[in-house]
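Below is one structure, written out as structure tokens; the observations come after it.
The values are calculated or read from the model by the stated rules, or taken from the named source; none is laboratory data. This one's a predicted model, so the numbers in the text were calculated from it and none came from an experiment. Note that we place each Cβ from the backbone using ideal geometry, even for glycine, and neighbour counts take in every protein chain shown. Just the protein is used for accessible areas: all its heavy atoms, side chains included, with ligands, DNA and RNA removed. Shrake-Rupley method; radii C 1.70, N 1.55, O 1.52, S 1.80 Å.
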Amino acid sequence: MADESSLPLCARLSYAVGHFLNDLCASMWFTYLLVYYHTVLAINNYNAGVLLLIGQIADGICTPLIGYESDRTPGCGKYGKRKTWHLIGSISVLLSFPFIFNPPVGSSEDIPQWAELIYFVPFIVVFQFGWAATQISHLSLIPELVANDHERVELTAFRNAFTVVANIAVFGIAWLLFHFQAKYSSNPNIDDNLGKQDIPLFRTLALIVVGIGFISSLMFHIGTHEKVRNEEQVVAERTPLINDSKKCPSRPLLQWKHWLKEMSFYHVACIYMCTRLIINLSQTYIAMYVTYTLKLPKNYIAMIPLVMYISGFLSSFLMKPVNKFFGRNMTYFFGLVMILAFAYWVWFFHIEKSIFGAAVLLGTGSTTILVTSLAMTADLIGENTQSGAFVYGSMSFTDKVANGLGVIIIQSLHPCKTESCCAQCNPFYHLVMALVTGAIACAALVALGAIRIWPIKIRSYRDIEVVGSSATEESIDSSDYGAIN
């Protein structure tokens, strides 16, 4: 079990930057993948959606498998099992990501789209495997590094703060690249519209992202110290000094198969899935909305997300006191209210100047619900850190598959079936940003309200091994474990 005392600031910071590479790449992946493949490389809408779907399915399949293996395998020597998987994932991301935002080697105007799809798929699959390995191992360290509920929220907030910093960095660098392109480019074909002339810009952005991510991952592996424990030590920590089951029953050791019998496991997964759908789908289509609906200059696909994540960054510092004062459920509710306000704003104030106010609402609300949902997941795991990676992997599986299916459904409903968009794109992306985001927020609100009827806690202990005690399953009081305040 993690030490009850708070981690030193340096340790918290070094942990927080461990997901920085993933966050940088995810920012480009969700915000620029569709607009890059469709508008820059001229791949039609549906095929661009297929590439994103393949990536999400690959991530979704890898995530629970990596979670299971991360819990089961001991790691590389004394390096720690979580950090070992983090290292494997980081290397995979570093080697594959630059190829995703670069045209096929030796490609020409005559290359068929199916050949481009085949070229990109292996790099996308390797990238998503590495992304999943890094994410799950990093999340699994939270309940191992700190045990106190509020410390978990704080560590999650630190992690999310660097997520926001990563997004700010990506969009800030993208804005600078667009600015320098317009000011210093000698190409007379450069204008305010995206096109093939922007291929070098996205290539440069991807290489900068990989370079910064390499440095941050190195800082994580140097500054974060995972406590390496063998199975005998885990059992010893859970064994009472006096083996008297009537007076001191031990806690049950939840394995992956036991989580599948817990209704609260699925309840939290539903809340987490809705949270990620809101964040990822809005991030995926904000660039398309700005480009085709609002018809703003191309540098706005960096400016608007930048406003969103600066707002989220500032609000992330309020997460610990707000969670502590109002509780998990009310904090999550406040975040959903801001998401619904964003959807209302976009629907009724469909003008250029209003987009900045809407971006502030979306950024603040997204940060609030993300931090709180991750804290809910950490609370559900509690002291069952030996199976924590499986829980995080399963939560991530639901959101990855749901995101991929959501994008392909939206893309299949797209009115334009060709490589270039038409006037019908204007209302389409308006509907996506307003109705899809609002509808998912309403679903999350229903799942949150269900907590009042079915509180989230571990209820079933059938077939769970009790370590260090001869106590039977009936002797364990379910009120002692896993409740979320």
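Annotation: extensible slack from Phe348 through Thr73 equals 93.7 nm (criterion: 0.36 nm per residue apart, minus Cα-Cα distance).
In terms of its Cα atoms, the range 303-364 spans 38, 21, 10 Å along the principal axes, sorted from long to short.
With every protein chain kept in the model, how would you rank Val210, Val337, Val40 by accessible area, 1.4 Å probe, largest at the top? Let's see the in-between values first.
Values: Val210 25, Val337 70, Val40 0 Å².
Descending accessible area places them as Val337, Val210, Val40.
Placing R0 at 30 angstrom, the Cβ-Cβ distance between Met263 and Leu176 gives a FRET efficiency of 0.05 after rounding to 0.05.
Extending 7 Å from the Cα toward the beta-carbon at both Leu207 and Ala147 defines two label points whose distance is 5.0 nm. Taking the Cα centre of the range 36-162 as origin and assigning +1 to Lys and Arg Cβ atoms and -1 to Asp and Glu Cβ atoms, the resulting dipole is close to 460 debye.
Residue ranges 81-88, 218-225 sort as 81-88, 218-225 when ordered by packing (mean number of other C-beta atoms within 10 Å per residue, highest first).
Against the empirical curve 2.2 N^0.38 Å, the C-alpha radius of gyration of the range 12-75 lands at a ratio of 1.47.
FRET efficiency for the Ile111 to Met219 pair, using the beta carbon distance and R₀ = 30 Å, is estimated at 0.15.
Strictly over 23 Å apart at the Cα level, which of Lys78/Lys320; Lys257/Lys457; Lys400/Lys457; Lys196/Lys295 would you flag in this model?
On the way: Lys78/Lys320 33 Å; Lys257/Lys457 17 Å; Lys400/Lys457 25 Å; Lys196/Lys295 18 Å.
Over 23 Å apart, Cα to Cα: Lys78/Lys320; Lys400/Lys457.
Which peptide among 395-401, 199-205, 449-455 comes first, and what is the full order, when sorted by highest mean count of other Cβ atoms within 10 Å?
On the way: 395-401: 23.7, 199-205: 18.0, 449-455: 11.7.
Answer by packing, highest mean first, reads 395-401, 199-205, 449-455.
With 0.36 nm allotted per residue and the present C-alpha distance subtracted, the Trp454-Met330 stretch has 43.0 nm of extension available.
Mind ordering 305-314, 338-347 by average Cβ neighbours within 10 Å, highest first? Intermediate values should be presented prior to the final figure.
Details: 305-314: 23.0, 338-347: 21.1.
Averaged packing, sorted descending, gives the order 305-314, 338-347.
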